[in-house]
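Before any comments, here is the structure.
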Amino acid sequence: MGAVKNAMTRDGEDPSIMDLDPEQSVASQLKQEEEEEDVDKGPPLKDDPKYAKYFKMLKMGLPKGAVQNAMTRDGEDPSIMDLDPEKSVASQLDKGEEDEVDNGPPLKDDPKYAKYFKMLKMVSICCVCLNCYIYITVTDSSNCQ
């Protein structure tokens with residue numbers, strides 16, 4: 001794999017691409033990494049001034065249904081109570097809106113990176129057969145013992 005990563009560096013491509021899942025598209029995997037790196041901005045839901053009184057109601061022992069009825073009465077969305085109280089409202093609502101279908105080709109079939117996956121198949125690995133001391137060239141390292 002080192003030779004393939006060197007070739008990618010030589011061609012000006014990011015060699016860490018080879019560490020991604022070849023069955024998924026590049027765009028979907030890079031998008032997942034960006035989402036993981038997102039910093040949760042804003043106060044936690046339970047400390048948000050807009051919703052703090054409803055969490056206080058829960059803390060006082062009111063049933064969740066009663067709190068949701070109070071939210072409806074006040075013109076708030078009662079489904080907010082189903083979200084994680086330790087994360088901000090914005091971070092939880094934004095992720096639900098980004099449900100895009102990934103129509104890109106799998107990484108191994110992407111025209112930009114296909115030649116590097118072909119290189120992985122073509123790289124010869126020399127092994128020594130310990131039983132008979134013969135050099136064997138294999139194209140698939142899983143056959144090498």
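The values are calculated or read from the model by the stated rules, or taken from the named source; none is laboratory data. A quick note: this is a predicted structure, and the numbers were derived from the prediction, not measured. Here Cβ is always computed from backbone atoms with ideal geometry, including for glycine, and neighbour counts include all displayed protein chains.
Below are the figures for this structure:
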{"read-out": "Scan of the range 47-76 for residues that are surrounded by fewer than 12 Cβ atoms within 10 Å (Cβ to Cβ) and not in a helix (DSSP H, G or I), ordered by number", "value": "49, 60, 61, 63, 74, 75"}
{"read-out": "Residue check for residue 46: basic (Lys, Arg), in contact with a helix residue (DSSP H, G or I) (Cβ under 6 Å, 6 or more places away or on another chain) and modelled with pLDDT of 85 or more", "value": "yes"}
{"read-out": "Count of the range 9-24 residues which are assigned to a loop (DSSP other than H, G, I, E, B) and over 18 Å from residue 104 (Cβ atoms)", "value": "2"}
